[in-house]
1. So which GluC sites (Glu not before Pro) in segment 85-128 pass both tests, a DSSP loop state and at most 13 other Cβ atoms within 10 Å of the Cβ?
2. Please give the length that would be gained between residue 89 and residue 260 if that part of the chain were fully extended, namely 0.36 nm times their separation in residues minus their C-alpha to C-alpha distance (nm, one decimal).
3. Full-extension gain between residue 127 and residue 163, please, as 0.36 nm times their residue separation minus the C-alpha to C-alpha distance.
4. Which of 330, 360, 460 has the fewest other C-beta atoms within 10 Å, and how do the rest follow up to the most?
5. For a quick check: with amide H placed at 1.01 Å from N, whose amide H comes under 5 Å from residue 4's, ignoring anything fewer than 5 positions away on the same chain?
6. Give the Rg (one decimal place) followed by the Dmax (whole number) of segment 106-181, computed from C-alpha coordinates and expressed in Å.
7. Exposure proxy check: 177, 236 ranked by fewest other beta carbons within 10 Å?
8. In debye to the nearest 20, how big a dipole does the chain give about its Cα centre with +1 on each Lys and Arg Cβ and -1 on each Asp and Glu Cβ?
Amino acid sequence: MEYDVVIGLEVHAELKTKTKVFCPCKNEFGGQPNTHCCPVCLGLPGALPTLNKEALKLAIKAGLALGCQINELSVFERKNYFYPDLPKAYQISQMVRPICLGGHLKVGEKEIPINRIHLEEDAGKLIHSSDGSVTMIDYNRGGVPLIELVTEALQEPHLESAEEAVEFLEKLRQVYIFTGVADCEIEKGQMRADVNVSIKPKGSSAFGTKVEMKNIMGFKAVYRAINYEIERQKNILSKGGVIEQETRRWDDNAQESYTMRKKENAQDYRYFPDPDLLAVEVSKTVVDEIRREIPMLPEELKEKYLSLGLSDYEASIIVKDQNLIDFFEKTLKLCSNAKAISNWLLGEISSLSKDDNMIKISPDDMAKIINLMDDGKLNRSVAKTIFTKAWNENVDVEALAKTLGGNLSETELEEMIVSIIEKNPKAVSDYQNGAEPEKLLKWFVGQVMKESRGKANAVKAEEILKEKLK
Ligand SMILES: [Zn+2]
């Protein structure tokens, strides 16, 4: 039997705010345990939450970047569950009226629909001693603002493979980083995914039973967990078994999952509006203000780079890395040869910055080198020498081009120029009477570089040419 796979994602990302979502404690990774805490995030009796405006703004920004509608009125609710990472025994979240609804994210050629994005608070962190005898709790993370994005798996198109799910996560991470909504550092747990998987006989319209795996850290683990779950379900069905609705825990070290709890529905959490928090009203003006702050997103940037003549491969690599984008954009302001910038960026620069991810040449110097080459004043090998110098120390690129360019003697160069001038009387008279002497001068320099096979010093050649052409 062949099966269709349906995958849904719930992705949590910690927002990049200075303080927590309902209290003034620091939102900062690490720190001594239980030092970023106060009566509000510790859930002490009588302490009252106040919404952090910046968290709300970032949640709206994430929604706008993903094409969501922003609810003019949204409501915070209590999601009740008893677990030591949550001292209040409820999490402040949103259920009926989340901040953002709808939206989509492109995966391959598919526009994967988004159901919602809501704002909530993170829980504390449990740390189990290695012998399993003690569990410690660090509430520094409790109350850190989170946005949870839920994909719409019951509509077409939806995610159908582990590859697509990982691409979705990678693109989502890029959008969050681009817009400055979240840093999404996976190792710090700043982005975590719950994955649900169901399978159904190929072509069937009825959906299969969902199995959820919670809090998977890292995209590779998501990939492995999904493939494991697909195989597990196929196996059960092929033996005539029934898939049970359950939450399983993925153990990435053991490469397998095991049952955590059976059947769990939204009503088990007894959501109800939090009486300590007012409903949130967001005006159109505020939404428009936030919309204006959203930069060009990866997909749009890629389109732009393709239109500048970069290949699909080059554009895709650059838009994946904020460092590369910054360098490319800054250099492009000083030099119009996008293709050359991309060649240097993905060639020399990438290989030299491989280890420390530091680009040690300024966009200004890079632009100068490319412009000198395009003017025929530098050949490739001298350009590389100058590039290497500029990478390692502070240099004056233009001065270096003058001293380093070419290894013909001045006499040889002069002889060559005289012969080129003699061979091109028409160009000479055009230069002397013409409207575009600069353009012709460049052409002459080009001829010298061609005839000398790049060995001439183009800067010197230009000086001599000007003299002789008079
Ligand atoms: Zn606090």
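1. Details: sites: 109, 111, 120, 121; in loops: 109.
Within segment 85-128, the qualifying GluC sites (Glu not before Pro) (loop, at most 13 other Cβ atoms within 10 Å) are 109.
2. Working: separation 171, 0.36 × 171 = 61.56 nm, distance 1.96 nm.
That works out to 59.6 nm of additional length.
3. Working: separation 36, 0.36 × 36 = 12.96 nm, distance 3.18 nm.
Between residue 127 and residue 163, full extension yields 9.8 nm more.
4. Values: 330 16, 360 12, 460 20.
Fewest-to-most Cβ neighbours within 10 Å comes out as 360, 330, 460.
5. 200, 202, 203
6. 17.1, 50
7. Values: 177 18, 236 14.
The fewest-first ordering by Cβ neighbours comes to 236, 177.
8. Working: 63 positive and 74 negative charges, 34 e Å.
Here the chain has a charge dipole of around 160 debye.
Taken together, the values in this text are just the output of simple stated rules run on the coordinates, not laboratory data. Please read these numbers as outputs of a predicted model, since none were measured by experiment. Cβ atoms come from the backbone with ideal geometry, glycine included; neighbour counts cover every protein chain shown.
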